[in-house]
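**Student:** Please read through the structure below; I'll follow up with questions.
Every read-out reported here was derived from the displayed coordinates using simple, explicitly stated rules and does not represent laboratory data. Keep in mind the model is a prediction, meaning the values are calculated, not measured. Here the Cβ positions follow ideal geometry from the backbone for every residue, glycine too, while neighbour counts run over all protein chains shown.
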Amino acid sequence: MERNVYDILEERGFLKQCSHPEELRDLLGKEKVTFYIGFDPTADSLHIGHYVALMSMAHMQRAGHRPIALLGNGTAFIGDPSGKTDMRTLMSKEQLAYNASCFQKQMSRLLEFGEGKATIVYNGDWLYPLNFLDFMRDIGVYFSVNRMLTAECYKQRMERGLTFFEMSYMLMQSYDFLELNRRYGCVLQMGGDDQWSNILNGADLIRRKEQKPAFALTTALLTTSDGKKMGKTEKGAVWLDKEKCSVYDFYQYWRNVGDQDVEKCLSLLTFLPMDEVRRLGSLPGEQINEAKRVLAYTLTAQVHGEEEAKAAQSAAEALFANGADLSGIPTCVLSSDDISASGLRVTDLLVLAKLASSKSDARRLIEGGGVFINDEKVSTVSDILDATKIERDGAIIRKGKKSYCRIIKA
RNA sequence: GGAUGGGUUCCCGAGCGGCCAAAGGGAGCGGACUGUAAAUCCGUUGUCGCAGACUACGAUGGUUCGAAUCCAUCCCCAUCCA
């Protein structure tokens, strides 16, 4: 008898809250369960926060259950308000459709799609045609405002203000669950712990309206040991798309996680057996770097493939431990226009290499002594790179200790 | 709809006619120290070839030699009343 996936999720630290733990565990142990997680396609790539959710889906699928990835092109049309303070930006249906297709591509690396396997659905399919009055009569009546306001997530919002839309977001998400229950016999919704009340209410809706069992389960959010959100870089989120976050940067991000966070990352983001995870996580002192290498390599390989991961790893070894292969580090190819426009001034090159956000920024970096070319410190702001250095293998320009870019002539 | 208080740089938050590119904190970046970690200390954080100029304090106009600071209109937000 295989292990119950519920126990696996629990052991790996995914489990946060569950509406009916015993009942759900039993169910997962005895039959193929259809479940779903929703994703709002508000960007053209998934980021690492989504990845935890994908991992939980993958574990479920490996245990024989059937995942549905719901793409919220309907809900995202208005914008998800939870936790956001900034204005929700309105997105066109076309943009949402494009984003959704990007999501789908990235998901297929971890989930197996096909007949009887994982499926992708779009909630716009049923939300766009929805009639407001019907919806209120059929669904709205099941939601008590009093009860909603006692929910923790709304309590916090009460201080800053709450719009009617935010209240109804829960109804829409609950309705999604109901719709999936009817269409696909979906009985479980999973998601990040911040989604708890939305998910729970969906399950309740099914139980009340359909008189059928439905379950809610939330998984841990990726946070650092001091409770901050993980997956942020200077450029924003850690994206899964290598155009938005280079493989090298991706690798480096994990290579540099805090000591306290390695074990958690290994267990949530990789499939390594737990005793190995625990062994790596408890390595003392400097040896913990071994765990970080494993994490960085394994996760990069999962997301970008073995080849890319190897390149990133050897580039990292090359730069930090004087290895040889530099092919994997980010490279900036200069056209002859770039060369004449920049005059090969180091400040301009830093901008071209995306190591500095502006020339002013570049200047500050140089003044602060943080810029090196082929390991020689750039001492003055007005420095110009010798044109012969970008021939052949090019010049390695470095910002600080960890950011590199190879400058090479086209 | 009415009353009151607000909208400031990445975030929080001071400033309330010139000394403001704007205090302080957070976060980021760089340096030192290290283990490509954390903590700590130092520097830095609008743009442009630096001095200097330009663009910025919800939006648009106005008053002033001079506005983030005063006035008008508008838009948004919070609290209370309906």
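**Student:** Under a cut-off of 17 Å between alpha-carbon atoms, report the aspartates and glutamates in cross-link reach of residue A:244, not counting same-chain residues fewer than 8 places apart.
**Tutor:** Hits, sequence-local ones excluded: A:44, A:234, A:308.
**Student:** In which sequence would A:50, A:20 go, from the one with the fewest C-beta neighbours within 10 Å to the one with the most?
**Tutor:** On the way: A:50 23, A:20 16.
Ascending Cβ contact count within 10 Å gives the list A:20, A:50.
**Student:** Which pairs break 20 Å Cα to Cα here: A:389/A:409; A:377/A:402; A:16/A:105; A:359/A:399; A:310/A:399? Walk me through the intermediate numbers first.
**Tutor:** On the way: A:389/A:409 9 Å; A:377/A:402 15 Å; A:16/A:105 28 Å; A:359/A:399 14 Å; A:310/A:399 23 Å.
From the list (A:389/A:409; A:377/A:402; A:16/A:105; A:359/A:399; A:310/A:399), the Cα-Cα distance tops 20 Å for A:16/A:105; A:310/A:399.
**Student:** A further question follows. Taking only Cα atoms, what is the 0 to 90° angle, nearest 10, from helix A:48-62's long axis to the longest principal axis of chain A?
**Tutor:** Value to nearest ten degrees: 60.
**Student:** Taking neighbour counts of Cβ atoms within 10 Å as a proxy for exposure, in what order, fewest first, do A:267, A:168 appear? Before the final figure, lay out each step's value.
**Tutor:** Details: A:267 22, A:168 17.
Placing the least packed residue first, the sequence is A:168, A:267.
**Student:** Working from Cα positions, state the angle (0 to 90°, nearest 10) between the long axis of helix A:306-321 and the longest principal axis of chain A.
**Tutor:** It works out to around 40 degrees.
**Student:** Turning to a different aspect of this structure: In whole angstrom, how far apart do the alpha carbon centroids of region A:173-223 and region A:330-381 sit?
**Tutor:** 51
**Student:** Considering chain A as a Gaussian network with a 10 Å cut-off on Cα pairs, which listed residue, A:40, A:386, A:241, attains the greatest mean-square fluctuation?
**Tutor:** Among A:40, A:386, A:241, the largest mean-square fluctuation in the Gaussian network model of chain A belongs to A:386.
**Student:** If you rank A:391, A:179 by fewest surrounding Cβ atoms within 10 Å, what's the result? The partial results should precede the final answer.
**Tutor:** On the way: A:391 11, A:179 19.
Exposure proxy ranking, most exposed first: A:391, A:179.
**Student:** Quick one: Cα centre-to-centre distance for region A:274-323 and region A:45-64, in angstrom?
**Tutor:** One Cα centre to the other: 21 Å.
**Student:** Using only Cα atoms, tell me the angle between helix A:93-107 and the longest principal axis of chain A; keep it within 0 to 90° and round to the nearest 10.
**Tutor:** Roughly 80 degrees between the two axes.
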